[in-house]
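Just below is one structure, and these are the notes that go with it.
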Number of protein chains: 2
Amino acid sequence: MYFFEGPEKKVEICISNNLESLRNKPIDFWNELVAKAKAKILSSVKNQKVDAYLLSESSLFVFDHKIILITCGTTTLSDAIIFFLEHFSKDQITNLIFERKNEHFPEYQSSNFLEDFKKLNQIIPGEALRFGSKDSHHINLFNYHQTNNKTPSSNDQTFEVLMHGVPKSISRIFSQDSNIETIRKHLDLTDVLPGYKIDDYLFTPNGYSLNAIKDEYYYTFHITPEDPVSYISFETNFPFNGNIQKTTEKIIDIFKPRTFDLFYFSPVNENFKINFIGFPAIKKIQHYISSGYQVNFQHHLGFNNEVEQAESINIQT
Amino acid sequence: MYFFEGPEKKVEICISNNLESLRNKPIDFWNELVAKAKAKILSSVKNQKVDAYLLSESSLFVFDHKIILITCGTTTLSDAIIFFLEHFSKDQITNLIFERKNEHFPEYQSSNFLEDFKKLNQIIPGEALRFGSKDSHHINLFNYHQTNNKTPSSNDQTFEVLMHGVPKSISRIFSQDSNIETIRKHLDLTDVLPGYKIDDYLFTPNGYSLNAIKDEYYYTFHITPEDPVSYISFETNFPFNGNIQKTTEKIIDIFKPRTFDLFYFSPVNENFKINFIGFPAIKKIQHYISSGYQVNFQHHLGFNNEVEQAESINIQT
């Protein structure tokens, strides 16, 4: 066996506003969709604006005319995307953004980004971009946008914090020896994102996922605590309007990672500035994608002048 | 197709000094050995101490009682190692060090390091280590050492500079539009390593390899100039005794990479200090391996405060 692959694949798909609400689709449709990605629904939480499903591998958010599907491990997200696209005509799909974070073990995935890109491009031809160097942290992105469709609204924002390398003192909190109350307390975001309804799951032997919703906003945590490939993702669509410093500081303080990537979609030209003492941004990318978002990627690394020992590799792995 | 995988696998194997010289083995033995790795011999250069073979994928150096085999691309070096070990009894193998640099495209390799480790460990049980984080630049190392064998001599040193991301102005020099004289002039190391006999090869459509020997010393360059995964390795067994600053500066000046890793094997406790303005070491590892070497790994990154654009991914790739 090998370590669990935390880094996620993600898709956001928008359909025409004049179509019937996606939230009217029967649960079997969503069961089938996530099954195509080799995941399954564990639980859900709903409000007037969004249905949030917690999956065996990450999350699905269903809005009236938009879905966000995030999957990790060795899931086959591109198959779920193709299943979804089969239920709509091309002119009903107004926007699609598919992301894939660089993996720790690409050799155990059933496809790579280039193969996913080629498959999707046959149905909805779009652009593919890499944010970050191939030999370092990076996010691959595929973007299809219906040319006659309007640009995103000003509060249509997405912010991701993707963290690697958490200390044992933190990862311990998310192991099976912990309990869900301790975890919830440690993850408390009420000072930066108050009033959210929460759905969460503690996996065996390790791992924790959380969906939180409030009106049309969500945030979500996915935690893979196992060394040497511990990984934690935080994502929200709350519109920070560029003021992401405080929330990012909070998240970094919760997990104390060795390194983290920020990925921020904004529909306006934001003055995206964020500073962390001891965590310089060693890569900064800003790119306008055809959907009308300014996409910002920053790779931050915790500086450590200490000389370390090599890590022992266990044959039982 | 995909880009050529520059990052190498490497093995150094030592046999008992009382055995017949490896240099007496017929050329067919070496042809067969490198064929096991899916490489082939292109040319050679020899002196009183060493036979240096230039391969379709990197290099083979044959000493009286030691070989060094370096292969890149999708070669299967572990198969060549097993072929070599089949020709000796276990007590004739005094030392083996197998290295594998993290690849750009692990998904196109026929095995990963863990699989290689398990295979080798069945024949010669040893230790496996990772120098560097799994989510960043790293070198995997497997080490077998015969317990009753002596420690390495004081001038038994190896120094590697592994470079990623060369500017177009440099990579152009190593394309097929260039010529071998221009390349040799650009790679001139006579001020730091004078008097070497040189054997080199310019590949089609891109790429260049060079072996150089003088007495019992060698140095070698392997250059994969193609964006976005340009990669260059330099390696030598010249005993710098810790004074690697000048040579590394020369190498970095030749290639002007975005990032580079230093890997330095020394049989004594070296005061391994090296500094590059604008290229801080963002990871430093020092580990004594059972063969008796102090192994030093440093990952250096060129700092760039500029905000860049994302890189476009071409579907034809």
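The values are calculated or read from the model by the stated rules, or taken from the named source; none is laboratory data. None of these values were measured; they are calculated from a predicted model. With ideal geometry, Cβ positions are generated from the backbone for all residues, glycine too; neighbour counts draw on all protein chains shown. Protein only, heavy atoms only, side chains kept; ligands, DNA and RNA dropped before computing areas. Shrake-Rupley method; radii C 1.70, N 1.55, O 1.52, S 1.80 Å.
Would you mind putting B:10-17, A:40-47 in packing order, based on average other-beta-carbon counts within 10 Å, highest first? Mind dumping the intermediate values first?
Working: B:10-17: 20.0, A:40-47: 14.8.
With the highest mean Cβ count within 10 Å placed first, the list reads B:10-17, A:40-47.
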Report task. Name the long-range amide H neighbours of B:E308: under 5 Å, sequence gap of 5 or more, or other chain; modelled H, no Pro or chain starts. Result -> A:K284, A:I285, A:Q286
Query - Of all accessible heavy-atom area on the range B:60-139, the percent that carbon and sulfur account for (1.4 Å) - result: 47 percent
Query raised in the report: Between B:F83 and A:N31, how many nm apart are label points set 7 Å from Cα along the C-beta direction?
Result: 5.4 nm
Query raised in the report: Taking the range A:166-317 on its own, what percent of its Cα-Cα pair distances exceed 21 Å?
Result: 53 percent
Query raised in the report: Against the longest alpha carbon principal axis of chain B, how many degrees, from 0 to 90 and to the nearest 10, is the axis of helix B:245-255 turned?
Result: 50 degrees
Query raised in the report: By how many degrees, between 0 and 90 and to the nearest 10, does the Cα long axis of helix A:27-36 differ from the longest principal axis of chain A?
Result: 60 degrees
Query - Inter-chain shielding of A:106-113 (mean C-beta neighbours from other protein chains, 10 Å cut-off) - result: 4
Query raised in the report: What is the mean number of Cβ atoms from other protein chains located within 10 Å of the Cβ atom of each residue in peptide A:252-261, rounded to a whole number?
Result: 1
Report task. Determine the per residue accessible area of the range A:26-106 with all protein chains present and a 1.4 angstrom probe, expressed in square angstrom. Result -> 33 Å²
**Report entry** Accessible area per residue, Å², the range A:181-229 with all protein chains present, probe 1.4 Å
**Finding:** 42 Å²
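Over the range A:1-71, what lengths in whole Å, largest first, do the semi-axes of the equivalent ellipsoid take, defined as the square roots of 5 times the eigenvalues of the alpha-carbon gyration tensor?
Each semi-axis is √(5λ); the values are 23, 12, 11 Å.
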Query raised in the report: According to the square roots a ≥ b ≥ c of the eigenvalues of the Cα gyration tensor, what is the shape class of the range B:21-149, taking rounded for a/c under 1.5, prolate for a/b larger than b/c otherwise, and oblate for the remainder?
Result: oblate
Query raised in the report: For the range A:33-96, rounded, prolate or oblate, judged on the Cα gyration tensor with a ≥ b ≥ c (square roots of eigenvalues), a/c < 1.5 rounded, else prolate if a/b > b/c?
Result: oblate
Report summary line: Under 5 Å from the placed amide H of A:A37, counting only residues 5+ away or on other chains, we find A:A80
Query raised in the report: Accessible area drop of at least 40 Å² (1.4 Å probe, protein heavy atoms): which residues of the range B:123-162 qualify, relative to the chain alone?
Result: B:R130, B:K134, B:D135
Report summary line: Diffing the range B:100-113: the Karplus 3J(HN,Hα) column from phi (6.51, -1.76, 1.60, θ = phi - 60°), in whole Hz with x for Gly and Pro, holds 9, 6, 4, 9, 6, 10, x, 5, 9, 7, 7, 8, 10, 4
Report task. Give me the distance between the Cα centres of the range A:207-268 and the range B:261-299, rounded to whole Å. Result -> 35 Å
**Report entry** Residue-by-residue Karplus 3J(HN,Hα) for the range B:153-168, coefficients 6.51, -1.76, 1.60, Hz, glycine and proline x
**Finding:** 6, 5, 9, 8, 10, 9, 9, 10, 10, 10, 10, 10, x, 9, x, 4
Query raised in the report: Taking the Cα centre of each part, how many Å lie between the range B:43-74 and the range B:1-42?
Result: 7 Å
Query raised in the report: Rounded, prolate or oblate: which fits chain A when a ≥ b ≥ c are the square roots of the eigenvalues of the alpha-carbon gyration tensor, with rounded for a/c under 1.5 and prolate only if a/b beats b/c?
Result: rounded
Report summary line: Label model pair B:I277, A:Q48: point-to-point distance (7 angstrom along the Cα→beta-carbon line) in nm is 6.3 nm
Query - In the B-A interface, the accessible area buried, summed over both sides, Å² (probe 1.4 Å) - result: 4500 Å²
**Report entry** Volume in Å³ per residue [convex hull over Cα atoms, computed for the range B:73-220]
**Finding:** 169 Å³
Report task. Using only atoms on other chains, find how many Cβ atoms lie within 10 Å of each Cβ of peptide A:302-310 and report the average. Result -> 6
Report summary line: Percent relative contact order for chain B, counting Cα pairs under 8 Å at least six residues apart, stands at 18 percent
Query - Protection proxy ranking of B:286-294, B:234-242, A:295-303, B:182-190 - average other beta-carbon atoms within 10 Å, highest first - result: A:295-303, B:234-242, B:286-294, B:182-190
Requested in this report: Name the long-range amide H neighbours of A:A281: under 5 Å, sequence gap of 5 or more, or other chain; modelled H, no Pro or chain starts.
Outcome: none
Report task. Please give the FRET efficiency for A:N304 paired with B:D64, using the beta carbon to beta carbon distance and R0 = 41 Å, rounded to the nearest 0.05. Result -> 0.45
Query raised in the report: Got a sec to turn the phi values of the range B:264-270 into Karplus ³J(HN,Hα) couplings, 6.51 cos²θ - 1.76 cosθ + 1.60 with θ = phi - 60°, whole Hz, x for Gly and Pro?
Result: 9, 9, 10, x, 10, 6, 8
